[in-house]
Amino acid sequence: MASARLFAPLRSSDYRKLWIAQLVSVMGDKVHQIALSVLVYKLTGSVAQVGAMLAMTTLPAVLFGVPAGVFVDRWDRRATMVVSDVLRAGIVLAIPSLVRVGMPAVYAAAFCVATVSLFFEPARLSLIPEVVPEDQLMAANSLDNVTASASELLGLAGAAGVVAAIGSDKAFYFDAATFAVSAGFVAMIVHRGRAAEKRLAEPFLAELRRGLAHIAETRVLRELVGVYSLAAAGVAAAILAVNGLALQRFGTGPVDSRAVELALLDGAITVGLLVGSATIGQSAPDSAGRKFLGSLTVFGLAFVLVAFARGIWTAVPLLFIGGAANMWFYVPGATIVQRASRADLRGRVFAAKNALSRMATTVGFFGAGILAERLGLQSTVLLIGTVVVLVSAFGWTRSALREA
């Protein structure tokens, strides 16, 4: 049965612990994201500044993403995740105090959280294929994202109330607590990852080159990373557009109260992510490349239509479609990387993919913020959707990716 296929990975005790850790952590992340966006807009009144803040969260991947992957492949993956969670909890806990120092300190905190996350996410994604059977990988990645989407919905509901009630600067304590809980569950995982297998480490630059060479020499990885990175710029711009629509176009009243509109639009995407995660996990494990490219096309078309939305309730169903399409894009993409990468290089492949896509994401955030202020939100959203559709059309011409 389809539902049995989706939940099959939970038979693994170690995967269950990863699953619970994510459930808790993502709830706090959503509160953090809403609070940070509202905080920056309240202090600056600028959508471009919100874009700059979001770009700061992607810049570490551009600067350090690929080297981080080398260390992920060297280190105990379980320990890497625990330390990352503890460090992120401490940084997030400091943000309310940093608000009084000034915006540069807040930007620095966002930068540091994102830097530490460079080690956590590749370690987690690299550990999944080691704790579930290969024929359950698509289901595991899908369930992973079902969990993230469900947690985001709970986090959004909490974020809207917390930020509106007590202010954006005090909403970070909950996020810090969830990182601590996540660290506790990850610490209970038995499997430690490839670093537990004793081997002589190569020089750092040699390991770095081997990871990049593996992508360059493996056609499907090369094509996937290229298309994924191009698409990431459009997806990032879409995220900023949603912030702009909520805070500027549809939002009314005091800035903190606009967290409700932001949570509503973000919630429409998150429900779509939840539905998309559940349905992709129940689909057959083949045709990952066609699912990847087809859903990217749907995402772009949805945002073309968002540009013409006259009100928030017109935008909501379109954002839901975009969210569902995003998971039919992301899950097959992660599955292709997991299947095509050598196990001892997998962390570097994920880190390199993330670094390149985050470079494009940084461009997307900065570019969309500037365009929104110069061209207006409607023209910016229309341009975003059009670019994503063109990227998907290019992807369909890549035969190895299409047939993956």
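The values are calculated or read from the model by the stated rules, or taken from the named source; none is laboratory data. Note that this is a predicted model, so its numbers are computed, not measured. Heads up, the Cβs are rebuilt from the backbone with ideal geometry, glycines too, and the neighbour counts pull from every protein chain shown.
None of Val31, Val116, Val62 is within 18 Å of the chain's Cα centre (by Cα), modelled with pLDDT of 80 or more and either of a type in the set (A, V, I, L, M, F, W, C) or on the phi < 0 side of the Ramachandran plot (or both) except Val116. A Cβ distance below 9 Å, combined with a sequence gap of six or more or placement on separate chains, defines the contacts here; from the stretch 308-323, residues that are farther than 25 Å from Phe292 by Cβ reach residues that are surrounded by fewer than 19 Cβ atoms within 10 Å (Cβ to Cβ) and of a type in the set (Ser, Thr, Tyr) in the pairs Phe308/Thr314. Residues in the stretch 74-111 that are at negative phi, surrounded by fewer than 19 Cβ atoms within 10 Å (Cβ to Cβ) and among the small types (Gly, Ala, Ser): 6 in all. Restricting attention to the stretch 1-56, the residues that are touching a helix residue (DSSP H, G or I) at 6+ places or on another chain (Cβ under 8 Å), more than 28 Å from Arg78 (Cβ to Cβ) and in a helix (DSSP H, G or I) total 21.
The residues in the stretch 311-367 that are modelled with pLDDT of 80 or more and of a type in the set (Phe, Trp, Tyr) can be counted, and the count is 5. Within the stretch 360-404, take every residue that is surrounded by fewer than 24 Cβ atoms within 10 Å (Cβ to Cβ) and among the aromatic types (Phe, Trp, Tyr) and give me the one that is farthest from Ser287 (Cα to Cα). Checked the stretch 360-404; the qualifying residue farthest from Ser287 (Cα to Cα) is Phe366. Considering only residues that are at pLDDT 75 or above and of a type in the set (Ser, Thr, Tyr), look in the stretch 1-28 and name the one that is nearest to Leu356 (Cα to Cα). The residue in question is Ser25. Candidates in the stretch 371-404 are the residues that are within 25 Å of Ser341 (Cα to Cα) and hydroxyl-bearing (Ser, Thr, Tyr); of these, the one that is modelled with the lowest pLDDT is Ser399.
Regarding Pro133, is this residue touching a Ser or Thr at 6+ places or on another chain (Cβ under 9 Å), touching a residue at least 40 places away in the same chain (Cβ under 8 Å) and not polar (S, T, N, Q)?
On the way: touching a Ser or Thr at 6+ places or on another chain (Cβ under 9 Å): yes; touching a residue at least 40 places away in the same chain (Cβ under 8 Å): no; not polar (S, T, N, Q): yes.
Answer is no for this residue.
For the stretch 272-286, give me the residue count where each residue is in contact (Cβ under 8 Å) with a residue 24 or more places away in the chain, surrounded by fewer than 19 Cβ atoms within 10 Å (Cβ to Cβ) and more than 17 Å from the chain's Cα centre (by Cα). It would help to see each step written out before you state the result.
At the first step, the residues of the stretch 272-286 found to be in contact (Cβ under 8 Å) with a residue 24 or more places away in the chain are 272-283, 285.
Still in the running and surrounded by fewer than 19 Cβ atoms within 10 Å (Cβ to Cβ): 275, 279, 282, 285.
Next, only the ones that are more than 17 Å from the chain's Cα centre (by Cα) stay: 279, 282, 285.
Summing the residues that are in contact (Cβ under 8 Å) with a residue 24 or more places away in the chain, surrounded by fewer than 19 Cβ atoms within 10 Å (Cβ to Cβ) and more than 17 Å from the chain's Cα centre (by Cα) in the stretch 272-286 gives 3.
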